[in-house]
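Report on one structure; see the data block that follows.
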Amino acid sequence: MIQKLKERIAALRSEDGFTLTELLVVIMIIGILLAIAIPSYLGFRQDANETAAQSNVRAAIPAVETYFADNGTYVGMDLAALQAIDAGIPAITIASAAANTYCVEITNGGQTASKDGPQAAIALAAC
């Protein structure tokens, strides 16, 4: 009986574990996976911010056009006037507003999207 206890104690004291080489291999594999994953994640994040900025500009355009239909001009258009038309539009920046044209923009996550006039397409740039 005492012999079995000594064997168990000896088995518990044995220091089996990973070798330094095995640990280095695991760390290298993790490093390679991170080198692949991080650029992909950052690319997806940038694409999402660009899409969100474009979507926010697109959401504000109906209020801008309604303002023009009500007033016959874009002059005097500001965020408060647009939110009075549609309370759900995002906080856009009105860079310019003239009689027949305007430029609105929004920045989301470092990505800026804008629309420079009623006939222009939404662009990924500031006004």
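Derivation of every value follows stated rules applied to the coordinates shown; laboratory data play no part. Just so we're clear, the structure is a prediction, and the values are computed from it rather than from any experiment.
Which angle between 0 and 90 degrees, to the nearest 10, do you get for helix 2-13 versus the longest principal axis of the chain when only C-alpha atoms count?
30 degrees
Two decimals, Cα atoms only, Kirkwood Rh: what is Rg/Rh over region 18-123?
1.37
What does the helix-only formula give at 222 nm for the chain: each DSSP H stretch with n ≥ 4 adding -39500 (n - 2.57), the total divided by the residues, and the result rounded to the nearest 500 deg cm²/dmol?
Computed mean residue ellipticity for the chain: -19500 deg cm²/dmol.
Tilt of helix 20-71 relative to the longest C-alpha principal axis of the chain, in degrees (0 to 90, nearest 10)?
Roughly 20 degrees, rounded to the nearest 10.
Which residue, Ile61, Ile89, Ile27, has the most motion in a Gaussian network model of the chain that connects Cα atoms within less than 10 Å?
Largest GNM mean-square fluctuation: Ile27.
Would you grab the residues whose amide H sits under 5 Å from the one on Thr101? Only those 5+ places off in sequence or on another chain, please, with H modelled 1.01 Å from N.
Here Tyr74 satisfy the definition.
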